[in-house]
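To keep things clear, I will list the structure first and then write my remarks on it.
The values are calculated or read from the model by the stated rules, or taken from the named source; none is laboratory data. Since this is a predicted model, take the numbers as computed values, not measurements. Don't worry about glycine lacking a Cβ; one is built from the backbone with ideal geometry, like all the others, and counts go over all protein chains shown. These area figures cover heavy atoms from the full protein model, side chains too; ligands, DNA and RNA do not enter into them. Shrake-Rupley method; radii C 1.70, N 1.55, O 1.52, S 1.80 Å.
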Amino acid sequence: SRFCSPACKIEVPERLTVSHEALVRTGLAARCVSIAVREATDEEILLVHSEEYLEAVKKTPYMTLEDLMAFTQQYGDVYFHPNIYHCAKLAVGATLQLVDSVMTGRVRNGIALVRPPGHHSQKSAASGFCIFNNVAIGARYAMQKYGAKRVLIVDWDVHHGQGVQYCFEDDPNVLYFSWHRYEHQNFWPNLRESDYDSVGKEKGAGFNINVPWNKVGMENSDYLAVFFHVLLPVAYEFCPDLVLVSAGFDSAIGDPEGKMCATPDIFAHLTHLLMNLAGGKLCAVLEGGYNLTSLAQSVCQTVQTLLGDPAPLPADLGGPCESVLKSIHCVRSAHKQYWSSDLPASELSAKSLKVAEQKTGNEPEAQEQRSPEEIVWPEPPKRLCPPVRTAVALPEGVACPDACKRCSSAEAPSSLYSLSLHVLCECVCAGSVCRITVSLYILVCVIVCRAVHVLICVCVCVCVCVCVCLAPQGCSDVAGFMQAVLGLLLPLGYEYNPGLVLLVRMPGSGVCESVWQQLAGLLQGLAQGHTLVLMQVRGPVWVKYSPVNWWMCIQDQNWQLCKCTNSCYQQAEYIRYS
Ligand code: X5A
Ligand code: ZN
């Protein structure tokens, strides 16, 4: 555009065309339902914006170039093309159509690929390529039209969505989380209020979470660490009715704005980790993302996870860098008074000192010498999905759960892998192992599976033990249990990268149905979704199995619950951070 400052040259129409073409090329688009877009109404835009601002924007299609330039110059890093008012109304309308589809249950989740983005725009101001605040309007709309009581907004764009923060600062019904390149306030929009100590105001105190990136070059492990140690514990406690994602992909590698090093496949896991909230009701809405290759790959990773396909873990997951540990520590301290947390922030700080000795921070200098366009990374591997997601083996006369495939023992197992599962299931079904202890079950599983899966086991056992150890209070301490799962089990699992997740649900473990579902769902992010579950349903020993998930029902009262919650916790923390 003629008025486009150099800063605006990156927010181009190709961002949408390459993303959509990639979805079509990979066959993902064909698996999605397309939703018609519409223009947002004035009333809807006024849910967030002022009448004066709306009226002013309305006039932009008719302005002279001179007036347009003058109008543009009131704001920061944004420009008004004569068509932008129309596009901005469509961007809001598309977001609301998606919210409608998800809230009415027509679709489970979705992504709105829109331009212009929204999260920087404010009540009476455009900013940072944003005209109307798509996601903020979406949140108000969901509350007003569908009675959503609590909305979680996860802003994984690399910039701070200050517009969203201002909108909901004093609102305890909207939890806003944003991580963003900050560099001690030296990065745009250079706001004091983007730092970790802006926690929200009045009734909304505790419902605004800012995680500053004080260095560039953040990696996959840094992103996951913030999810595990900051966002997820709070999100689960918040218990949203709807999750909106300000899905900016300028936080991915190769982006000229973000200069981060997280790879596109991390978005598969970020998405997965949010999909168990709000009964799966998740609407992602595009914000930034300016490297067209990285953007298209990231969009595909997000959509494929929304479709339910399992994903391999990104390569080289380790611990977070020192700078991120500091940020995590600061955010947790700032929020400690608002959220229940078992892990004292001071302890994390002590651990971070150890990390500082042993691990240097990320060193982006090497990458930084190149322009972002020259950075190369491998294309995410193709994610294959087995034709049967969940198969079950049940005794005669027991109904097969919906969406599971019943396997009879007569069915010939097609691969070595399923053969092993088959043998194991036969064993358990035949009752030959039903009286041995759970540890023996685990041993059997590990031995049988190791034949085909090299990476299984030890950690799998550790994980199971950790879970059980932390469950003695069961549902009387849901928060504590989830804290342990998110702050300990998942970080361990992601770093270990097992080939199989073995989950044991003992009768009397005290883990109630909803918590159990969250646990099982979260752990399916590991081992490409290969999950084996031992559980007792009622009476006899039952087994369910599948290429991706097995569900086994066992009968055994002999499992010893250890009472060493704290020492288990600390030991594992030590493993994680040292
Ligand atoms: C939506 C978004 C970035 C604005 C950068 C201005 N905006 N320098 O990513
Ligand atoms: Zn951005």
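Only one of Gly118, Gly138, Gly110, Gly163 is part of a loop (DSSP other than H, G, I, E, B) and buried (at least 21 other Cβ atoms within 10 Å of the Cβ); which?
Numbers: Gly138 fails: part of a loop (DSSP other than H, G, I, E, B); Gly110 fails: part of a loop (DSSP other than H, G, I, E, B); Gly163 fails: part of a loop (DSSP other than H, G, I, E, B).
Being part of a loop (DSSP other than H, G, I, E, B) and buried (at least 21 other Cβ atoms within 10 Å of the Cβ) holds for just one of Gly118, Gly138, Gly110, Gly163, which is Gly118.
Just to check your reading of the model, which residue among Leu242, Leu282, Leu292 is surrounded by fewer than 24 Cβ atoms within 10 Å (Cβ to Cβ), modelled with pLDDT of 95 or more and away from ligand 2 (no atom under 13 Å from the Cβ)?
Values: Leu242 fails: surrounded by fewer than 24 Cβ atoms within 10 Å (Cβ to Cβ); Leu282 fails: surrounded by fewer than 24 Cβ atoms within 10 Å (Cβ to Cβ).
The match here is Leu292.
Select from segment 141-160 the residues that are more than 16 Å from ligand 1 (Cβ to nearest atom) and outside any loop (DSSP other than H, G, I, E, B) and list them in ascending order.
Scanning segment 141-160 gives Tyr141, Ala142, Met143, Gln144, Lys145, Tyr146, Val151, Leu152.
Answer yes or no as to whether His229 is buried (at least 23 other Cβ atoms within 10 Å of the Cβ) and more than 14 Å from ligand 2 (Cβ to nearest atom). I'd like the intermediate steps shown before the answer.
Details: buried (at least 23 other Cβ atoms within 10 Å of the Cβ): yes; more than 14 Å from ligand 2 (Cβ to nearest atom): yes.
When the stated conditions are applied, His229 passes them.
Within segment 183-197, how many residues are within 25 Å of the chain's Cα centre (by Cα), part of a loop (DSSP other than H, G, I, E, B) and under 14 Å from Cys330 (Cα atoms)? Even if it seems obvious, please write down each step before you answer.
Start the filter on segment 183-197 by keeping residues that are within 25 Å of the chain's Cα centre (by Cα), which leaves 183, 187-189, 193-197.
Of the ones still in play, those that are also part of a loop (DSSP other than H, G, I, E, B) are 183, 187-189, 195-197.
Pick out the ones that are also under 14 Å from Cys330 (Cα atoms) and you get 195-197.
Here the count works out to 3.
Out of all the residues in segment 257-278, is one or more modelled with pLDDT of 95 or more, assigned to a helix (DSSP H, G or I) and over 12 Å from the mean Cα position of the chain (by Cα)? Lay out the reasoning, then the answer.
Kept after step one, since they are modelled with pLDDT of 95 or more, are these residues of segment 257-278: 257-275, 277-278.
Then keep just the ones that are assigned to a helix (DSSP H, G or I); that gives 266-274, 277-278.
Adding the requirement that they be over 12 Å from the mean Cα position of the chain (by Cα) leaves 278.
Scanning segment 257-278, I find at least one residue that is modelled with pLDDT of 95 or more, assigned to a helix (DSSP H, G or I) and over 12 Å from the mean Cα position of the chain (by Cα), so the answer is yes.
How about segment 245-275: which of its residues are open to solvent by less than 10 Å² (accessible area, probe 1.4 Å) and out of contact with any Pro (no Cβ under 9 Å at 6 or more places or on another chain)?
Residues satisfying the conditions are Val245, Ala247, Ser251, Phe267, Leu270, Thr271, Leu273, Leu274.
Identify all residues within segment 115-147 that are within 15 Å of ligand 2 (Cβ to nearest atom) and more than 22 Å from the chain's Cα centre (by Cα); write none if there are none.
Matches in segment 115-147: Arg115, Pro116, Ser121, Ala126, Ser127, Gly128, Phe129, Cys130, Ile131.
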